[in-house]
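One structure below.
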Amino acid sequence: MTRAEQPAEQQAVLNTASETASDSDALVADSRERAVRALLRFPPLRRLWSAQVVGGIGDAVAVLVLLLLTLQASVLQGTFGDGYRGAAFAVAAVLGARVLATLLFGAVLLGPLTTLTSPSGPLDRRWTMIGADGLRLALLIVAPLWIDWSPENAPAVLLITVFVAGVAERFWTVAREGAAPALLPAPPLEGAAVRPLPDHLDALRRLWLRTGFAVIPAGAAVLLVATLIGNLLGSGIEWFSLHQAALGSYIAAGLFAASVSTLYFLELPRSLTPRPRSPLEGLRRPSTGNGLDKGRTDAIPLFVLACAAVAGAISSAVAVSVLHAFDLGGGPATFALLVLALTGGTGLGIRGAGSVLPTLSRRRLLALALALTGVALLAMGLVPDTATVLFLALLAGLAAGVAASIGHALIDQEAEEFRRGRISEHLQAVVRVAIGLGAIAAPLLAAAIGPHRLASGDFVFAHGGAAFTLMLVGALLLPVAAIVLAKTDDRAGVPLRRDLGDALRGGSDPAQAPAATGFFIAIEGGDGAGKSTQVDALAEWIRAKGHEVVVTREPGATPIGKRLRSILLDVSSAGLSNRAEALLYAADRAEHVGSVVRPALERGAIVISDRYIDSSVAYQGAGRDLSPTEIARISRWATDGLVPHLTVLLDVSPEAARERFTEAPDRLESEPAEFHQRVRAGFLTLAAADPGRYLVVDAGQEPSSVATVVRHRLDQLLPLSDAEVKALEEARKAAREEARRRAEEEAARKAEDERAERERQEQLAKLRAEEEERKRRELEEARQREAA
Ligand code: TMP
């Protein structure tokens with residue numbers, strides 16, 4: 001029985017014991033993912049988040065609808081010129097108005113805006129948000145009517161609407177960002193938290209970012225449904241067939257109304273009480289400053305370039321998709337579908353990136369995903385068939401999402417911790433600029449190119465400017481992919497085709513499974529990550545719970561293993577071939593699992609192994625030029641598919657780890673820094689592919705903090721020891737006993753009360769009978785007296 005399976009009563013006991021701590025504990029969850037989800041357990045924050053979801057979808061629908069309306073109005077009037085170019089300029093104008101609002105108020109006027117909505121400023125945050133929603137609601141109700149009311153002014157008024165709605169969105173966002181931290185739970189007591197409060201803020205930032213992105217495809221889906229319903233209505237009511245986007249506009253207005261009603265009931269604390277600062281807060285770990293950092297961070301600008309390139313490319317594709325939809329002979333529904341495929345695909349790609357070809361080098365995958373995005377966009381422009389274009393749009397989105405997610409993860413991994421925050425901010429700024437530029441430049445380019453028709457014999461090639469823009473953007477991504485691959489490749493010398501083939505075949509491996517009895521924990525990490533300290537601390541902690549604990553290691557836990565270890569680590573073995581090295585580690589592992597690990601697990605013991613299969617995959621696979629898939633396969637064969645229940649990855653930069661070495665480095669420790677970088681990346685790739693079975697801990701922290709994080713996860717996973725089960729059963733028995741005793745006492749008391757009541761009634765009846773007897777006698781006597 002694990003703790004998660006404990007009966008509700010015990011859970012309740014545990015919960016009550018830590019009622020106040022539990023909410024903040026949830027935020028200290030050992031993965032960022034959980035921390036983000038845990039945030040939504042706070043009702044006020046959930047309410048604000050719901051408002052962001054509905055308001056955000058409303059905003060996305062509004063932008064798309066206003067684009068369609070402006071296009072319709074300006075084409076009718078010829079505002080931006082005739083024909084194709086006029087339409088493309090109209091699209092550029094709408095997106096330009098939106099980008100201008102975002103840039104102007106998002107960057108230039110951000111400071112004053114933040115001051116205005118600060119607790120000491122004149123604008124109340126909740127009312128600012130409600131006002132911004134209300135304003136957009138009103139704008140969207142009147143937007144579809146302008147074309148009838150004032151056809152010649154409609155394009156200008158609609159552009160102003162786009163701008164004002166963009167400004168309102170900025171006000172909303174700034175007010176929300178100011179308000180949200182005050183809705184977080186109170187900071188945990190000093191020392192009670194594994195992670196400090198800034199992690200809540202980090203989770204919050206992730207939540208906004210993720211939601212801000214997810215509302216775009218949701219908006220496209222809403223527009224699609226609205227257009228389909230509008231078309232149905234249009235067959236009966238003529239107004240709707242003339243105003244195809246009108247229903248979308250009213251739905252956006254409805255969404256803003258829903259946001260207003262959600263916000264109306266939100267209670268915002270007036271101001272955030274300043275939190276007492278820990279004297280350590282704000283201090284960052286110093287840079288190791290040994291000159292190695294430079295080599296590591298060289299790749300970062302290229303990863304940033306990759307992220308910006310895909311973001312700009314997808315934004316360009318979204319920007320010209322309205323033109324392309326009309327070129328393909330479709331209407332608003334095709335436009336909505338294109339936006340949905342591009343942005344929804346990107347979202348799915350970001351989410352699923354971890355499990356895409358998990359054994360392939362992430363740097364190589366980044367280059368491949370970039371190239372695939374490029375090819376898909378290129379093909380989107382080439383093919384004149386709507387269904388194929390939609391499929392290609394989805395493919396481009398998926399590949400772009402994978403590239404963005406991996407680029408981001410690589411930047412995180414490459415950046416030293418103290419620079420991570422700053423680099424991440426720069427990345428966001430660069431990506432925003434790329435998105436803005438793409439959105440404006442792409443329709444302008446489409447306008448400049450215009451429609452073309454090439455004919456040679458039977459072959460006719462007729463395309464609009466949007467199609468050429470898509471082809472151009474796609475083609476531009478290909479050299480970016482080539483540069484990223486050439487400059488950042490960490491597997492130089494290994495043919496990409498072979499790596500890719502390996503990664504694709506990876507799925508057909510033999511089945512792996514954790515043992516049915518016992519509990520197997522592997523502790524992994526680079527040299528100097530502090531594994532031994534953690535293994536000892538963990539063993540002591542688990543033993544104290546009453547378990548049998550077997551502490552073991554690789555290589556060298558068995559007599560044969562010891563001899564293999566000395567061959568493997570002795571510097572005199574320099575020159576040992578990579579394949580022989582891999583097989584020797586696998587041989588040690590086969591012996592280890594067969595004679596130590598499995599027997600212990602069968603006894604029901606908790607086995608903690610210092611290193612396991614992942615070390616081979618990281619060192620011999622990612623570190624050397626062998627295929628990680630093949631290395632994993634050899635180890636799986638050696639262990640007959642035994643995988644740990646939990647693998648703890650102690651992650652630390654090789655430079656920081658090197659400073660911890662106290663003895664002369666062995667053969668592997670003497671490998672160059674780049675080797676250890678690849679090993680680290682190899683470990684992180686394995687962990688990212690199976691987050692449920694891994695716990696990645698920043699091993700740069702104090703050992704006690706590392707241990708706390710590990711215990712926190714194990715508390716939920718470890719089976720209960722016999723002693724714990726016995727203690728729980730005794731507690732349950734005692735509780736039952738107590739309940740029985742109370743029930744008996746109660747029954748006895750009740751019986752006593754009933755008896756007393758019965759006696760009282762009897763007494764009363766007797767008195768009453770005597771009284772009646774007395775009265776009867778008196779009456780008799782009186783009657784006799786009268787007769788006498
Ligand atoms: P350690 O036991 O002192 O951590 O050292 C073992 C060394 O062997 C370490 O540098 C990592 C390396 N190693 C591999 O290269 N492949 C493996 O499969 C294992 C278990 C260890």
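Per-structure values
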| read-out | value |
| --- | --- |
| Where N is the number of residues in the chain, Cα Rg divided by 2.2 N^0.38 Å | 1.26 |
| Hydrodynamic radius by Kirkwood, which averages 1/r over all alpha carbon pairs of segment 298-489, in angstrom | 16.7 Å |
| Percentage of interatomic Cα-Cα distances in segment 55-104 larger than 18 Å | 33 percent |
| Whole-number D in µm²/s for segment 514-723 (Stokes-Einstein; Kirkwood sum over Cα pairs; 25 °C, 0.890 mPa s) | 142 µm²/s |
| Mean separation of Cα contacts under 8 Å (6+ apart) over length of the chain, as relative contact order % | 14 percent |
| Apportionment of accessible area to carbon and sulfur, the chain, percent (1.4 Å) | 61 percent |
| Quotient of Cα Rg and 2.2 N^0.38 Å for segment 442-590, N being how many residues it contains | 1.93 |
| CD proxy at 222 nm, helix term only [per DSSP H run n ≥ 4: -39500 (n - 2.57); per residue of the chain; nearest 500] | -23000 deg cm²/dmol |
| Cα pair distances in segment 384-451, grouped into 5 Å bins until the bin that holds the longest one, percent each | 3, 14, 12, 19, 19, 13, 9, 6, 4, 1, 0 |
| Reach of LYS726 by Cα under 17 Å, taken over aspartates and glutamates that are not fewer than 8 positions away in the same chain | GLU5, GLU9, GLU548, GLU737 |
| Residues of the chain: accessible area per residue with a 1.4 Å probe, Å² | 48 Å² |
| Length-normalised contact order of segment 298-489 in % [C-alpha pairs under 8 Å, at least 6 apart] | 38 percent |
| 27 Å Cα-Cα reach of LYS750 towards lysines, excluding residues that sit fewer than 8 places from it in its own chain | LYS733, LYS766 |
| Selection of GluC sites (Glu not before Pro), segment 608-692, meeting DSSP coil and at most 12 other Cβ within 10 Å | GLU659, GLU663 |
| Packing rank of 113-121, 158-166, where each peptide gets the mean count of other beta carbons within 10 Å, highest leading | 158-166, 113-121 |
| Normalised contact order of segment 514-723, rounded percent, pairs of Cα under 8 Å and 6 or more residues apart | 33 percent |
| Anchor LYS487: lysines whose Cα lies under 19 Å away (excluding residues fewer than 8 positions away in-chain) | LYS294 |
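The values are calculated or read from the model by the stated rules, or taken from the named source; none is laboratory data. What you are looking at is a predicted structure, and each value in this text was computed from that prediction instead of being measured. A quick note on method: Cβ atoms are made from the backbone with ideal geometry, for glycine too, and the neighbour counts reach across all protein chains shown. The accessibility values were calculated without ligands, DNA or RNA, using every heavy atom of the protein model including side chains. Shrake-Rupley method; radii C 1.70, N 1.55, O 1.52, S 1.80 Å.
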